[in-house]
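Undergrad: Quick one: the structure is below, questions incoming.
The values are calculated or read from the model by the stated rules, or taken from the named source; none is laboratory data. Bear in mind that the values here come from a model prediction, so they are computed numbers and not experimental data. Positions of Cβ are backbone-derived with ideal geometry, glycine not excepted, and every protein chain shown enters the neighbour counts. For the accessible areas, the whole protein counts, side chains as well, though only heavy atoms, and no ligand, DNA or RNA atoms are used. Shrake-Rupley method; radii C 1.70, N 1.55, O 1.52, S 1.80 Å.
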Amino acid sequence: FMQTNDFNFVSLLCELINIRPHVFAEALERFPELRRLCISEVKHAIDDAITCNKAVAPNDSKIVTFLVKSQERILPSNLLSAFIVIMSSWQKGETTEEAEEDNIMALLKQLVTGEKDSVLSTAMRNGKRAVSVEEWVLLATSNSDIIAKQAALSVPDIFLPRLLLCCGMPKTSLVTMLERLSKLGASTPDPAKLYNELICTSAVSEWGLQKGNRITTKKRLHGRIASYLRLFRNAMADNAQEEVNTIEKCAFVTWLASEVSVSNAKKSDSTTRCCDEIRSILQQSAPSSFDEGSFVDLEEEAMDLCIDEQIVIDAGGSKGHGRDRTGGILTEDFIISSVAVGQYNVLHESLEQLKKDVILREEGVDVSLLVRALMNSYDSSNCDPSLGRVVLKFVPQLSQFCCDDNLWQTIFISIAEKSIDEQYLLSLISGCVMHWSDEVIAACQKWILSQNDLKNALSMRLLFRFLVASSEQESIHCFDSIGKCVSNFVCIQSKANAESTMKIVFQYLEMTSDKLSETSCREERNNLPDWLILTCIIAKSHQQCIVAMIIGSIGNNSFCAPAMYSILLRLYLMSPTTLDWIDSKVRNHLRSAANHHTKTSLQWRCPLDRQVFEMLRHLGTSPHTRLLQYATDFPLIVIRHIHVLHKRLVVDGLGGHQDSTIAGRVGIRPPAVIAQIDDRLVKVSISRWGFSCNEFIWSAVLDFLGELPTELLFRCGTDTGVLLVLEDYLKLFYVHVMELGSEECISKLRPKYVTLVKSFQACNQIEFLKWSKTDIAGFGTIHTLLLSKVGTFSLTP
């Protein structure tokens, strides 16, 4: 098991169990044979680890050390975790075989001995407890009462209060833990001090729950114990109530009741009235009889109840009567009071009832007022996550019944002006899109387009997220859907709507033009900001209109020019066949955009990329009439793929590529030499780069580059590989002139090359001079090569 280099079934099994414990638990219940196999294999692996002598344990986070009869042993941590998952989900049933039960009991006896110094309680990993509090919770709430009780006896003292907060514990487990706590108190002269230490801040920090003060923890414990005792009392016959009464009088429960009573007495009058009002509301409005599982779920978030307090709920009560009472309860003050005292479970249940009750929403409650109060109650700087979850759930669900201008003003503008986490608000907006009807979404989109004086950048990002999420468009990279936008998206229904949307985008860009984060986001291939996605969506239906607005914005606002050029180039690459390249104004701005964003735009998608790539890859060996047409119609896109020509020339220079046909190949091939390998003689052919080349390919590349616009080729192309292509020719010339001593093979290529280089010098002299000073490894500087008989070139100004 410990040898990770070899395949090991148990190791793989344990890893799968730990990755998907819930799925595994369901599989155990459904497939008895799988359950027996897993239990048997895990038991054998643990037996081997316990019986073997301990080797020197490495300081490894995957190794657990534990004591067996005062001797230290080691165990893989994933094996221990798998054992805990199996024990917590196992339950004796009709399909349980005797051997299976024996294995479980043997494992229980080995690791969960029912003592404080059991194997599980002493297990350590890197100096810390190997069994986390969450794993103790699994064992204490096991489907088997025997396992749960043994866990309650074995758990370390510091985790006992945490386990009392669990839902679904069997009575034997709860009683066992309370008895242990009472005995702990009896063993010390000051039980109150001991109990306070068990729920101090440092102890609670290991529980894995939301942090709270000591008083809150006491109330949660007291309320949970009260809930369990009520359930046990209701399930018992009258002559069996004595056991519950005994539990109520145990030392730990008595101490908790006293502490909670003192704390309640110290509350201010206003807080007391608020709590009493909520409790009264809950007692009057909630139903009267509750099944056991539902009751525990209701109290999951912790309820501050004394043992003698009763929650009477009648599921068969009059629905009309309950509705009238709830209608009077659900007010803005109710939400404020519930939030003030942290009664989020009460708030959740009330809002859930409001969501389901049509008559209540239409007659008894101002839903719009409640939604606004709920949103205003959240402040991310000091808000309980439980409240955050309530807001994220119910604001989208309830707002669909009361959407109007005031509500949209609150959601998109007012709440954004608070100090609230942006990701939280974006999640809220996404939830609204999911739950609102098409009519409400369309109305909200029209309201957004009417907002002409937005001054908060966060508000505008929320608006963009809503518009993008509600557009129902496919990815902007799905080129086959260009021009096939859904007509019910308000922003594209008319040219006026498209212009109004773009005005908001321009306003946002002007507001955030100095933000570096926005600059980096708009240059990426994916993960685009919402404003850019929205622009691309609108441009699918109104490209000429959007392009005209962008060009106009470039002239009117120099601060936004970089962003405008980026958008313009991206729109061209998205749909090059529909943007009018012939228009000189558009063409000039696209050239400027390419000069600004050539490097970053190389990673952007274009529907013509694959076609251009394939044509360049076969240049010289297949007709390239269509490629020449592309060079005229789409030069920016062709120049993006110049690097393909460089790779083609390099491969052809080796003389061994499958496209290196006999036709057109010139130069010489060095004669084969004889080499000896062991006792065998072999003939070796040595390929020297450039000794032979396909003249058709090298000539076709020069002809093609000459057809491209010179300004674009030597300004944008310097970032896409044209300089590498020029260097490839210099290397070829050097090989033939200096090494082979023959210019015959390059006589037709050199004049075309010189013409191309002179065009480079005339078009972009600064970049040309910089390039000429570059050193080619093994050949010398480009400047030297050009002036020599290799290049036969004159560096005239």
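Undergrad: Give me the distance in nm between label points sitting 7 Å out from Cα along the Cα-to-Cβ direction at ILE215 and MET738, one decimal.
TA: 8.8 nm
Undergrad: Residue by residue, what Karplus-based ³J(HN,Hα) values in Hz, rounded to whole numbers, does region 162-167 have, using 6.51, -1.76 and 1.60 with θ = phi - 60° and x for Gly and Pro?
TA: Per-residue couplings from phi come out as 5, 5, 5, 7, 5, 9 Hz.
Undergrad: Right, something else. At a 1.4 Å probe radius, which order do LYS731, LYS219, LYS748, LYS109 fall into by accessible area, largest first?
TA: Values: LYS731 55, LYS219 20, LYS748 140, LYS109 160 Å².
The ordering from most to least exposed comes out as LYS109, LYS748, LYS731, LYS219.
Undergrad: Now, a different point. If one computes the Cα centroid of region 391-447 and of region 90-157, what distance in Å separates the two points?
TA: Taking the Cα centre of region 90-157 as reference, the centre of region 391-447 is 48 Å away.
Undergrad: Let me ask something else about it. Relative contact order of region 573-641: what whole-number percent is it, with Cα pairs under 8 angstrom and at least 6 residues apart? Show your work: numbers first, answer last.
TA: Details: 31 pairs, mean separation 28.0, N = 69.
Answer for region 573-641 is 41 percent.
Undergrad: Are there trypsin sites (Lys or Arg not before Pro) in region 18-47 that DSSP marks as loop and that have at most 16 other Cβ atoms within 10 Å, and which are they? List each step's numbers first, then the result.
TA: On the way: sites: ARG30, ARG35, ARG36, LYS43; in loops: none.
Here no loop site has a sparse enough neighbourhood.
Undergrad: Per 0.36 nm of contour for each residue apart, how much would the distance between LYS683 and ARG30 grow if the chain were fully extended, relative to their Cα-Cα spacing?
TA: Details: separation 653, 0.36 × 653 = 235.08 nm, distance 6.75 nm.
Gain on extension, LYS683 to ARG30, equals 228.3 nm.
Undergrad: Quick one: compute the contact order of region 93-197, relative version, from alpha carbon pairs under 8 angstrom and 6+ residues apart, as a percent.
TA: Values: 97 pairs, mean separation 21.6, N = 105.
Answer for region 93-197 is 21 percent.
Undergrad: Something else now. Assuming a ≥ b ≥ c are the square roots of the Cα gyration tensor eigenvalues, decide whether region 558-696 counts as rounded (a/c under 1.5), prolate (otherwise, with a/b larger than b/c) or oblate. If you can, show how the numbers build up before the last one.
TA: Details: a/c = 3.98, a/b = 2.65, b/c = 1.51.
Because a/c hits 1.5 or more and a/b exceeds b/c, region 558-696 counts as prolate.
Undergrad: So, one more: If TRP255, TRP207 are ordered by their accessible area, calculated over protein heavy atoms with a 1.4 Å probe, which sequence runs from highest to lowest? Mind showing how you got there, number by number?
TA: Working: TRP255 30, TRP207 5 Å².
Largest to smallest exposure gives the sequence TRP255, TRP207.
Undergrad: Starting from the residue with the highest accessible area, list ILE411, ILE215 in decreasing order, probe 1.4 Å. Show your work: numbers first, answer last.
TA: Numbers: ILE411 0, ILE215 65 Å².
If we order ILE411, ILE215 from most to least accessible, we get ILE215, ILE411.
Undergrad: Further question: When only C-alpha pairs under 8 Å and at least 6 residues apart count, what is the relative contact order of region 75-150, in percent?
TA: Numbers: 58 pairs, mean separation 31.0, N = 76.
Relative contact order, region 75-150: 41 percent.
Undergrad: Then there is this: Are any of the pairs LYS503/LYS540; LYS128/LYS183; LYS128/LYS219 more than 19 Å apart by Cα-Cα distance, and if so, which?
TA: Working: LYS503/LYS540 17 Å; LYS128/LYS183 26 Å; LYS128/LYS219 29 Å.
Beyond 19 Å between Cα atoms: LYS128/LYS183; LYS128/LYS219.
Undergrad: Label points 7 Å out from Cα along the Cβ direction at ALA192 and LEU37: separation in nm?
TA: 6.0 nm
Undergrad: Can I ask one more? Sequence-distant or interchain residues sharing an amide H contact under 5 Å with TRP207, placed H: which?
TA: none
Undergrad: If you don't mind, there's one more thing I want to ask. Between ILE19 and LYS758, what's the calculated FRET efficiency when r is the beta-carbon distance and R0 is 45 Å? Round to 0.05. Each step should come with its number before you reach the end.
TA: Working: r = 65 Å, r/R0 = 1.45.
Given R0 = 45 Å and the Cβ-Cβ separation, E is 0.10.
Undergrad: How about region 143-231: which GluC sites (Glu not before Pro) there are in a DSSP loop, with at most 16 other Cβ atoms within 10 Å of their Cβ? If you can, show how the numbers build up before the last one.
TA: Values: sites: GLU179, GLU197, GLU206; in loops: GLU206.
Those that pass, being in a loop and sparsely packed, are GLU206.
Undergrad: Name the residues whose placed amide hydrogens come within less than 5 Å of the amide hydrogen of VAL64, ignoring near sequence neighbours (fewer than 5 apart) on the same chain.
TA: Placed amide hydrogens put LEU75, SER77 under 5 Å from VAL64.
Undergrad: Also, I was wondering about something else. Taking a 25 Å limit on the Cα-Cα distance, which of the listed pairs LYS393/LYS495; LYS171/LYS218; LYS585/LYS773; LYS109/LYS218 fall beyond it? Can you show the working numbers first?
TA: On the way: LYS393/LYS495 36 Å; LYS171/LYS218 21 Å; LYS585/LYS773 36 Å; LYS109/LYS218 34 Å.
Beyond 25 Å between Cα atoms: LYS393/LYS495; LYS585/LYS773; LYS109/LYS218.
Undergrad: If the label point is 7 Å along Cα→Cβ of GLU206, which residues in region 160-192 have backbone nitrogen under 12 Å from it?
TA: Output list for this probe position: 160-162.
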